[in-house]
Amino acid sequence: MAVQSPSLDDPRVLVDTPAAIVDAIPPYAPRSEREAEFYALGDGQMLLNIGPHHPATHGVLRIVLKIEGERIVDLDPVLGYLHRGVEKLAENADYHHSIAYTDPLEYVSSLFNELAPVMAFERLLDLRVPRRAEYLRVLSCELLRVSSHILFMGFMALDMGGLTPILYSFIERDEMVDMLAALTGQRMLFNYMRIGGVNGDLNHEFLSRLGDWMSRAGRQAEAISTLLNENEIFVKRTRGLGAISRGQALNLGLTGPNLRACGVPFDVRRAHPYSVYPELDFDVVTADEGDTYARYLVRVEEIKQSIRIIDQVLHEMPDGPVMARIPRRITPPPGRAWAAIESPRGQYGCYAMSDGTDQPYRFRIHDPSFVNLQALVPILPGCLIADTMAVNASLDPIMGGVDK
Amino acid sequence: MIPVPGKGIAKGMALTLRRFFEPKVTVQYPEQAPHIAPRHRGRLELLYDEWGALKCETCFQCAMACPIECIDMGGTDTRDRFHVHWGPPEQYAERREEQALRRSGRPVPDPAFRSFDPADTSRLDALLDAEDYDPQRLLPILEGTQEIYGYIPVAAIKHISNATGIWYAEVYGTASFYEHLHLEPPTSHTIGICRCPACSLFGSGTIRTVVEQAAGVALGGTTPDGTLSLEPSDCHGENGGEPWVTFDGIRRAGVTASNAALLVRAATGAREVGGMPAGQA
Amino acid sequence: MNVVPRSAPRIPALWLLLFALGGLGTLVLLVLIVGILSGVIPAIVIWLGGVILANIAIVRFIVAATAILLFTIPTAFVIIFMELKVIAFMNLRIGPNRVGPWGALASVVHGLKVLSKEDFTPTGADPTVFTLAPVATFVGSVMAFMVLPFGPGLFGVDLNVGLLYFFAVGGLGVVGLLMAGWASFNKYSLLGGLRSAAQMVSYEIPLTLSVVGVIMLAGTLSLNGIVQAQSGSFLDWFVVRQPLAFLIFFIAATAEANRTPFDLTEADSEIVAGFATEYSGMRFGFFFFAEYVNVFLLSGLAVVLFFGGWTSPIPWPWPIHFALSPLESLIAILVLLIVVPVVASFLLAIPIWVIRTRLSFARAFAMGMLLFGPLATAAVLIYLVINLDALLGIIWFFAKAYVFVFTFVWMRATLPRVRIDQLMGLAWKWLLPASLVNLFITALAILVVHP
């Protein structure tokens, strides 16, 4: 075999050649047909490595773009930079401990990460949770959903070059985490949901902060809407961009606002009701276009619905204990359980399997960000580089959840 | 409605201009402390008593309970005698120390790590084998360990923990809970008894008799193995209605004739069977 | 007992300085006396004066160039500070507030930080081009300053093709950006450089076409002449007669200055930092400087072309009016500022001294200085502002220019970024036809009104 000098297009190019330093070509021979096809560059094409450390990839997502000028021909998302093996860790901790491991998965909406495993464990134990605890779970989760969606609005604007909305959204989020800290004891990794209830009851400080906030709820969200919703630049950049059809979305397995923006009114809170959601009155927000703008608008509207839910929960909060009486060391009977909830990003599920000891035998997390991120691959080819950020932001992935 | 081009942009510009003049939300942190909710559990806090002494008893309960092993404890105990540690393996100070030594290539003496000197564990292994490595029989194992070494070295605790699967913290907690188990080599103790008229009135004479009987030596003498000396002490008239008895120079309150023998037992260790000093059995 | 060893008594630093200065002063005085007595210094002065007078144009150019080069530094600092503070305020933040009053020195500290950082050249970069690129960008924007009139008679050169020169030299900046993008050996840089090339080339056309109407109205390409054509009240400004041209000019200028929403060349969320990705230290500082100088430059140009430059919006009502040349006015300012407060204080100190004879004259003078010095200075300043066109012109010019700078910053705080295809579409599909229409209408109007 003749020895050839490595060229830019050769996937087996060595790491220490200067070309490989800037190119995203892996230093090994292609492992699959798809990889060989992807790294074979046509005329006038080049690879652009976006991430894992890039200002607009929401953490450590890495996308290798194959571009022709500014136009994207093909792309290859690379995941796993934030993998912490949470599921395996949780299998080596007892049931109470494993809740704490799930907290930093989707770090923007930690309470949902706790709620799904806790509900799965409760199903394993066949445990009934006090009603007040259920209401507190719904209350704290909906507060966090508002916070997460407002943060989404800010990040979406930031990824499209707007400086201000992200700071407005952090004003709101800061109030929110302070409020939740008064309730749960922590600002970000709450560890509030416990098997059989919640960690703490309502207290004066939380209620006064919540009352303050309710009087001006969504003020910053409205400000961001004023900045973005009608802004010609924003609308022109997002409307019609990255449209997903109904069938495509269902095939990809999208859930949450991304699916509802395609016109499918699927909301786990309505489709498979859990907790006290059947008793609450709220609308499932949908849009028909399925494009980036629709995904944005659905989330904006969901903020209002969440505020509605919070209002109802506060008015109908029952009295009673917030924890069921359960032993410290719990050993569920052998069996398996699945619990799914509606997180701000979609269906967040947890599958737990017990072998009768005090540690889960199997523990799996189904994360909506991971599923939603798949949509990048069919959407992006044909778009421009700048659209990568807009589409990625509109799918709202949290890499902590994607990589688990 | 016909869309006016630029209307959205104009609305946004108007909003930012309005906000330019609105009050700001920044908290000037060091000057202006934010209010932290009473329920906030963001900081691990060690409490101090009113004399400024640390209330932490190094029971390791917190480190044991911490699900993600972020609590890591280490240091010397309150009497500065031996080094204890609990935490995930990466954080063991002694491991770090070993690595540092290996890297530097020269020995760095550190008295805090003397307790970790490896011990000969062949007899301990035999004992553990005899006890079937049963975590529920921890107390007999520890007592046997003390029989073997004369005390319970940290190396032995680590060995027991490794062999039986009991957490180091539990072994340590058990060993430090029982008075008759010792985590340090036997050293000499001193019991002092005041013989002033006031103390005699409150019963120091009977205590003296009991102690002398239990120790087998007279006041002013030392037991043959050197673990206990009895010496006269002075209350300076401050006995407060009780006989003045000191143990290692520290006053012990509540000593009566009925429990004075315990002091001797604490000093001479567990070398006794059925309440009788081991030396006499 | 603690015995602290004491060192020998130290001479205060101030005294040391005074001694040194005294020695130096004596030396200089000696040299001066000897020089004057021997006739060497007068000879030098006469010769130098002759040279200066013979080459007054060159001297003027050198002085102006130096002044403008020095002027860019505080301009950039002020605009950077404005950017930090204004955007912070619009974000409901406080912004920099630790260094200097209201954080005003934050940008200076930024400059020092940039100076002290490592000047890094990446492997694979072309070192020559990589080093020259920031210089080319900076020189391009500073050279364009030479024709910008700051006040009556205050400009580097009054070229009769001033506007043409301005656009030609302003276009040089893109060469630097392209050089940076190419030489960095980084794909983000390359994309940024090429984006800037495409953007600048596209927006030069509407930018230039939009001002043709102004040129036709003023009948001159000289920026000085354009300002003079707008003298009078604010109704004489060209923005009244050319609103569409101003709109096109402003949009194109935003793109030319690489400002949001057209800052695609350094779109941080897309191509990290564009052409500047691989730059660090003072090389990056030069890009930074050039960007902010450009902002001021285009604000200044907008003011000159459409908002009457240094002229005041309402005709000045004062009857007193000295028309001094800039050099004369400079000397006059200095003399007035130095002499008048001292003389005024001296004159006002005498009555105090006369009334309270127990006071020493030095004290009386100090009191007079404190009491009347600020008053006299203020009086002199007011007098100058009223009577010196140049000073008033500068004040008006800067006030107007900074309104535009504020607008640029304001837009940056509010707007998201456009996409590259939309950017090009705007230039070619909307701005170019609109500027042509504007040109046509202007020509028609001139033909009808002034046949």
> Out of the residues in the range A:369-388 that are assigned to a helix (DSSP H, G or I) and in contact with a Pro (Cβ under 9 Å, 6 or more places away or on another chain), which is farthest from the other protein chains (Cβ to nearest Cβ)?
Replying inline: A:370
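Residue by residue, here is whether (1) assigned by TED's automatic domain parsing to the domain that holds residue A:242; (2) of a type in the set (Lys, Arg); (3) out of contact with any helix residue (DSSP H, G or I) (no Cβ under 8 Å at 6 or more places or on another chain) holds:
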{"position": "A:290", "(1), (2), (3)": "yes, no, no"}
{"position": "A:316", "(1), (2), (3)": "yes, no, no"}
{"position": "A:331", "(1), (2), (3)": "yes, no, yes"}
{"position": "A:340", "(1), (2), (3)": "yes, no, no"}
{"position": "A:346", "(1), (2), (3)": "yes, no, no"}
{"position": "A:356", "(1), (2), (3)": "yes, no, yes"}
{"position": "A:362", "(1), (2), (3)": "yes, yes, no"}
{"position": "A:367", "(1), (2), (3)": "yes, no, no"}
{"position": "A:375", "(1), (2), (3)": "yes, no, no"}
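Residues are listed down the side, and each one gets a yes or a no for (1) over 22 Å from residue C:146 (Cα atoms); (2) under 17 Å from the mean Cα position of the chain (by Cα); (3) not assigned by TED's automatic domain parsing to the domain that holds residue C:403:
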position	(1), (2), (3)
C:24	yes, no, yes
C:44	yes, no, yes
C:49	yes, no, yes
C:67	no, yes, no
C:73	no, yes, no
C:79	no, yes, no
C:90	yes, no, no
C:110	yes, no, no
C:113	yes, no, no
> Using beta carbons and a limit of 9 Å, which pairs, at least six apart or on different chains, have the first residue in the range B:214-225 and not assigned by TED's automatic domain parsing to the domain that holds residue B:259 and the second one surrounded by 14 or more Cβ atoms within 10 Å (Cβ to Cβ)?
Replying inline: none
> Restricting attention to the range C:230-249, does a residue exist that is out of contact with any Gly (no Cβ under 8 Å at 6 or more places or on another chain), surrounded by fewer than 24 Cβ atoms within 10 Å (Cβ to Cβ), within 15 Å of residue C:407 (Cβ to Cβ) and at pLDDT below 85?
Replying inline: yes
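Yes/no matrix, rows are residues, columns are (1) in a loop (DSSP other than H, G, I, E, B); (2) within 30 Å of residue C:268 (Cβ to Cβ):
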| residue | (1), (2) |
| --- | --- |
| A:325 | yes, no |
| A:353 | no, no |
| A:365 | no, no |
| A:397 | yes, yes |
> Do you know which of the residues in the range C:63-114 that are within 14 Å of chain A (Cβ to nearest Cβ) and among the β-branched types (Val, Ile, Thr) is farthest from residue C:414 (Cα to Cα)?
Replying inline: C:94
> Yes or no: residue B:233 in contact with a Gly (Cβ under 6 Å, 6 or more places away or on another chain) and surrounded by 15 or more Cβ atoms within 10 Å (Cβ to Cβ)?
Replying inline: yes
> Quick one: in the range A:222-247, which of the residues that are among the small types (Gly, Ala, Ser) and in contact with a Leu (Cβ under 8 Å, 6 or more places away or on another chain) is nearest to residue A:169 (Cα to Cα)?
Replying inline: A:223
> Is there any pair linking a residue in the range B:188-202 that is in contact (Cβ under 8 Å) with a residue 60 or more places away in the chain to one that is assigned to a loop (DSSP other than H, G, I, E, B) and of a type outside the set (A, V, I, L, M), with Cβ under 7 Å and at least six apart or on different chains, and which?
Replying inline: B:189/B:227; B:189/B:248
> Restricting the search to the range A:86-144, which residues are part of a helix (DSSP H, G or I), surrounded by fewer than 24 Cβ atoms within 10 Å (Cβ to Cβ), among the basic types (Lys, Arg) and more than 14 Å from chain B (Cβ to nearest Cβ)?
Replying inline: A:123, A:131, A:132
>> For the condition under 26 Å from residue A:122 (Cβ atoms), of a type in the set (A, V, I, L, M, F, W, C), surrounded by fewer than 19 Cβ atoms within 10 Å (Cβ to Cβ) and more than 14 Å from chain C (Cβ to nearest Cβ), what is the one hit in A:188, A:193?
In response: A:188
>> List the helices (runs of 4 or more DSSP H) inside the range C:1-106, counting only whole elements, that have at least 3 residues being touching a Lys or Arg at 6+ places or on another chain (Cβ under 8 Å) and either under 30 Å from residue B:29 (Cα atoms) or modelled with pLDDT of 80 or more (or both).
In response: C:56-90
>> Can you pull out every residue in the range A:262-306 that is in contact (Cβ under 8 Å) with a residue 60 or more places away in the chain, of a type in the set (A, V, I, L, M, F, W, C) and either under 14 Å from residue A:243 (Cα atoms) or in a helix (DSSP H, G or I) (or both)?
In response: A:268, A:297, A:300, A:303
> Considering only residues of the range B:3-21 that are within 8 Å of chain A (Cβ to nearest Cβ) and surrounded by 15 or more Cβ atoms within 10 Å (Cβ to Cβ), which is farthest from residue A:229 (Cα to Cα)?
Replying inline: B:19
> With respect to residue A:156, is the statement that it is within 14 Å of chain C (Cβ to nearest Cβ) and under 23 Å from residue A:347 (Cβ atoms) true?
Replying inline: yes
>> Under 6 Å between Cβ atoms, which residue pairs at least 6 apart in sequence (or on different chains) link something in the range A:312-330 that is loosely packed, with under 11 Cβ neighbours inside 10 Å with a partner that is assigned to a loop (DSSP other than H, G, I, E, B)?
In response: A:329/A:358
>> Tally up the residues in the range A:196-232 that are facing another protein chain (nearest Cβ under 7 Å) and touching a residue at least 24 places away in the same chain (Cβ under 8 Å), please.
In response: 3
> Pick from C:137, C:128, C:123: which is more than 30 Å from residue C:419 (Cα to Cα) and either part of a helix (DSSP H, G or I) or outside the structural domain of residue C:231 (by TED's automatic domain parsing) (or both)?
Replying inline: C:128
>> If I ask for residues that are more than 22 Å from residue A:162 (Cα to Cα) and surrounded by 20 or more Cβ atoms within 10 Å (Cβ to Cβ), which ones from the range A:230-251 would you list?
In response: A:244, A:249
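One line per residue, one yes/no per condition, for (1) away from every other protein chain (no Cβ under 14 Å); (2) at pLDDT 90 or above; (3) part of a helix (DSSP H, G or I):
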site	(1), (2), (3)
C:379	yes, no, yes
C:382	yes, no, yes
C:385	yes, no, yes
C:392	yes, no, yes
C:396	yes, no, yes
C:399	yes, no, yes
C:405	yes, yes, yes
C:416	no, no, no
> So is residue B:178 aromatic (Phe, Trp, Tyr), surrounded by fewer than 18 Cβ atoms within 10 Å (Cβ to Cβ) and not assigned by TED's automatic domain parsing to the domain that holds residue B:249 or not?
Replying inline: yes
> When both residues are 6+ apart or on different chains and their Cβ atoms are under 6 Å apart, which pairs have a first residue that lies in the range C:259-282 and is within 20 Å of residue C:418 (Cβ to Cβ) and within 11 Å of chain A (Cβ to nearest Cβ), and a second that is among the polar types (S, T, N, Q) and buried (at least 21 other Cβ atoms within 10 Å of the Cβ)?
Replying inline: C:262/C:254
>> If a residue must be surrounded by fewer than 18 Cβ atoms within 10 Å (Cβ to Cβ) and either within 14 Å of another protein chain (Cβ to nearest Cβ) or in a loop (DSSP other than H, G, I, E, B) (or both), how many such residues does the range C:425-451 contain?
In response: 5
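The values are calculated or read from the model by the stated rules, or taken from the named source; none is laboratory data. Here the structure is a predicted model, which is why all the values come from computation and not from measurement. Positions of Cβ are backbone-derived with ideal geometry, glycine not excepted, and every protein chain shown enters the neighbour counts.
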